[in-house]
1. For q = 0.11 Å⁻¹, what log10 I(q)/I(0) does the range 3-152 give under the Debye formula with an equal point scatterer on each alpha carbon and no solvent?
2. Given the DSSP H assignment, sum -39500 (n - 2.57) over each helix run of at least 4 residues in the chain and divide by its residue total; what's the result at 222 nm in deg cm²/dmol, nearest 500?
3. Among Thr192, Thr166, Thr26, determine the one that fluctuates most according to a GNM of the chain built with springs between C-alpha atoms less than 10 Å apart.
4. Given the range 72-155 reduced to its alpha-carbon atoms as identical point scatterers, what log10 I(q)/I(0) does the Debye formula return at q = 0.11, 0.13, 0.23 Å⁻¹?
5. Between Gly183 and residues 5 or more places away or on another chain, which pairs have amide H atoms under 5 Å apart, with H built 1.01 Å from N, and which residues are they?
6. Percent relative contact order of the range 120-245, based on C-alpha pairs within less than 8 angstrom and at least six residues apart?
7. Which of Ile107, Ile208, Ile85 ends up with the largest GNM mean-square fluctuation for the chain, with Cα atoms connected below 10 Å?
8. Please identify every one of the GluC sites (Glu not before Pro) in the range 143-242 that sits in a loop by DSSP and has no more than 14 other beta carbons within 10 Å of its own beta carbon.
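The values are calculated or read from the model by the stated rules, or taken from the named source; none is laboratory data. These numbers come from a predicted model, not from an experiment. When we count neighbours, we look across all protein chains shown, and the Cβ atoms used for this are built from the backbone with ideal geometry, even at glycine. We work out accessible area using only protein heavy atoms, side chains counted, and drop any ligands, DNA or RNA first. Shrake-Rupley method; radii C 1.70, N 1.55, O 1.52, S 1.80 Å.
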Amino acid sequence: YRATAAALSDLAAMAAAPLGVLIAFTTRADRANDVLEAADGIGEAVRRAGTTIAGGNLSVGPLLSITTTVLGSAFAPLSRAGARIGDAVYVTGRLGGPAATVRALAIGQVPPAAHRARFVAPAPRIAEARWLAVRGATAAIDISDGLARDAEHLALASGVSLQIDTGRVPMVEGVTLDDALGGGEEYELLVTAPERLQDAAFASAFGIPLTRIGAVAATAAAPEVVFTRSGKRVAAPPGYDHFSR
């Protein structure tokens, strides 16, 4: 489920509608029954996204491997490069559950059900992204590497500064601010828009909050993300680096 949902989230980041999913699945010969159990999770993710499995491949190998490719279309796809000076910065949902879950599991604790649910069953925000795009969103990215790191990705692509008030970042109950800013695997959306979006209408339509957490500003030097707390600049956790060792 998570492998499929993560790939579908890339479509959400561009406000694209899914056309189909391709699955390449490899497992050991003595674990062939894994295919049936994995298929349940894959099918659930595909069903929730309102799409279909278009094809793929099954093979035998020494390790379990799931490669998911998603196909989608968008008349005017959102990108990371569209944020404009004066735009507002929004985030969907509540953050921190996945990071808190991983931390608890790492020390042998049982995470709270609400935290664990956000980790094991992330929801690609496909319909939510299309709603935002229709209402003027200018740039978007899905939060897979942590809010702090993905905000940096968006700022660099757009050549702007993002100013984010950490006191406004929506968090799952019982998590820390570092969980919300630095934890990956959220698959919520960070978006910019030139006008005030209708957060109440969004919450009514999708059952999750849409929270304004900052603004887009000009940058005097290199693009950056400035995090503040009570008006003072604060450091943010680094987030996930795919090339770290």
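1. Log10 of I(q)/I(0), two decimals: -0.52.
2. Result for the chain, helices only: -9500 deg cm²/dmol.
3. Thr26
4. Here log10 of I(q) over I(0) equals -0.39, -0.53, -1.15.
5. Here the answer is Leu147, since their amide H atoms fall under 5 Å of that of Gly183.
6. After rounding, I find 39 percent.
7. Ranking Ile107, Ile208, Ile85 by mean-square fluctuation puts Ile107 first.
8. Hits after loop and neighbour filter: Glu173, Glu195.
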